[in-house]
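Beneath this line is the structure, given in structure tokens, with notes to follow.
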Amino acid sequence: GHYMLIDGGDTTAGNKVYRVLEEKGVQKLDILAMSHLHADHIGGLEKALTYASSIDITISNADYSNTDVFRRVEHQLSINGSTIKVPQKGEEYNLGSSIVRVLDVSNKENNDSLVLLITYGKTKFLFTGDIEGNAQTRLSEMFENESDSPEKISLMKLPHHGAYTYASYRFLRTFMAENIIISVGKDNPYGHPDRRMEELLTGKAYKPNVYRTDLDGDIIVDSDGKKLEIKTKK
């Protein structure tokens, strides 16, 4: 009975996101999170938010972008009576019986993103947007040295569609996610996921379960607070 939407794909994904919300009857969102304001992450929200037309809070790592896509999404938000809030690092929100914690919120670099840790019982989900080397290093340093470092992450959405950075190895080893999801388009022109990233995910010391939207289609993850059940639709 509580719902959160993180990003909405590009404009062409709007109808699909709309259909998913419609199938589940999600007309009200507790939280809308836009990891960052690039068109391939927010474009689909223009359509999707005509169904999920009630939003308690909208968060992102920035509240303005000088693009036509952003202006259209901002207009739809205004119709829905919502405005974008840029949260503070460490801020937390309740989502039913789960906790959503903001781990990073920088917007100084092109691919900086809102990074969210969602904890439900003993299961933990890390959503990383498109963060690259500097942000990955910040997060690694934060949790390598903090006493409140999370237990092993149950599932991580891999940063930036599986791109590789100088900090990728350290970042993966910091969180040691049991399951990895790579959100990536089939035959995309960027070569994602990077071959070097794929090699990091198939090593002897760390070999998580990897799911890819280009190979597995829709990926459905259910948690009972103790363990995950992961299904694919392809």
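Lys/Arg Cβ at +1, Asp/Glu Cβ at -1, dipole of the chain taken about the Cα centre: which of Thr11, Ile84, Pro189 is farthest positive-ward?
Pro189
Out of the DSSP beta bridges found with both residues in the range 1-159, what percent are antiparallel (nearest 5)?
Expressed as a percentage, antiparallel bridges in the range 1-159 total about 50.
Does anyone have the angle between helix 133-145 and the longest principal axis of the chain? Alpha-carbon axes, 0 to 90°, nearest 10?
Once rounded, the angle reads 60 degrees.
Once Rh for the range 141-204 is found with the Kirkwood sum over Cα pairs, what is the Stokes-Einstein diffusion coefficient at 20 °C and 1.002 mPa s, in µm²/s?
Result for D is 169 µm²/s.
Specify the longest stretch of the chain that does not include any exposed loop site, a site being one of the chymotrypsin sites (Phe, Trp or Tyr not before Pro) with a non-H, G, I, E, B DSSP assignment and at most 14 other Cβ atoms within 10 Å.
Result for the longest clean stretch: 65-165.
Considering the Cα positions of the range 113-221, please state its Rg to one decimal place and its Dmax as a whole number of Å.
That works out to 13.3, 42 Å for Rg and Dmax.
Sequence gap at least 6, Cα distance under 8 Å: using those rules, report the relative contact order of the chain to the nearest whole percent.
Relative contact order here is 12 percent.
Measure out, as a whole number of angstrom, how far apart the alpha-carbon centroids of the range 159-209 and the range 56-135 sit.
Result: 22 Å between the Cα centres.
Using alpha carbons only, what's the Rg to Rh ratio of the range 169-209 with Rh from Kirkwood?
Using Cα coordinates only, the ratio equals 0.99.
What are the lysines whose alpha-carbon lies under 24 Å from the alpha-carbon of Lys231, with same-chain residues fewer than 8 places away excluded?
Output for Lys231: Lys16, Lys24, Lys122, Lys124, Lys152, Lys157, Lys186, Lys207.
With only Lys, Arg, Asp and Glu charged, each at its Cβ (+1 for the first two, -1 for the last two), find how big the charge dipole of the chain is about the Cα centre; round to the nearest 20 debye.
540 debye
What share of the DSSP beta bridges in the range 94-234 is antiparallel, in percent to the nearest 5?
Roughly 60 percent of the beta bridges in the range 94-234 run antiparallel, per DSSP.
Past the 29 angstrom mark, what percentage of all C-alpha to C-alpha distances in the chain do you count?
23 percent
Calculate how large, on average over all directions, the projected area of the Cα convex hull of the range 1-66 is; give the answer in nm² to one decimal.
4.0 nm²
Angle, helix 68-79 long axis vs. longest principal axis of the chain, Cα atoms, 0 to 90°, nearest 10?
Helix 68-79 and the main axis of the chain meet at about 60 degrees.
Any idea what Rg and Dmax come out to for the range 1-135 if you just take the C-alpha atoms, in Å?
That works out to 14.0, 41 Å for Rg and Dmax.
Using all C-alpha to C-alpha distances in the range 55-135, build P(r) with 10 Å bins and read off the rounded percent in each one.
Each 10 Å bin holds this share of Cα pairs: 17, 43, 33, 7, 0.
Rounding to the nearest 20 debye, state how big the charge dipole of the range 120-234 is about its Cα centre with +1 on each Lys and Arg Cβ and -1 on each Asp and Glu Cβ.
320 debye
Treating only the Cβ of Lys, Arg, Asp and Glu as charged (+1, +1, -1, -1), what charge dipole size does the range 8-124 show about its Cα centre? Round to the nearest 20 debye.
That gives a dipole near 300 debye.
Round to a whole number: what % of the accessible area of the range 1-75 belongs to carbon and sulfur, probe 1.4 Å?
47 percent
The values are calculated or read from the model by the stated rules, or taken from the named source; none is laboratory data. Being a predicted model, the structure only gives us computed values, none of them experimental. Here the Cβ is made from the backbone with ideal geometry for all residues, glycine too, and neighbour counts use every protein chain on show. The accessibility values were calculated without ligands, DNA or RNA, using every heavy atom of the protein model including side chains. Shrake-Rupley method; radii C 1.70, N 1.55, O 1.52, S 1.80 Å.
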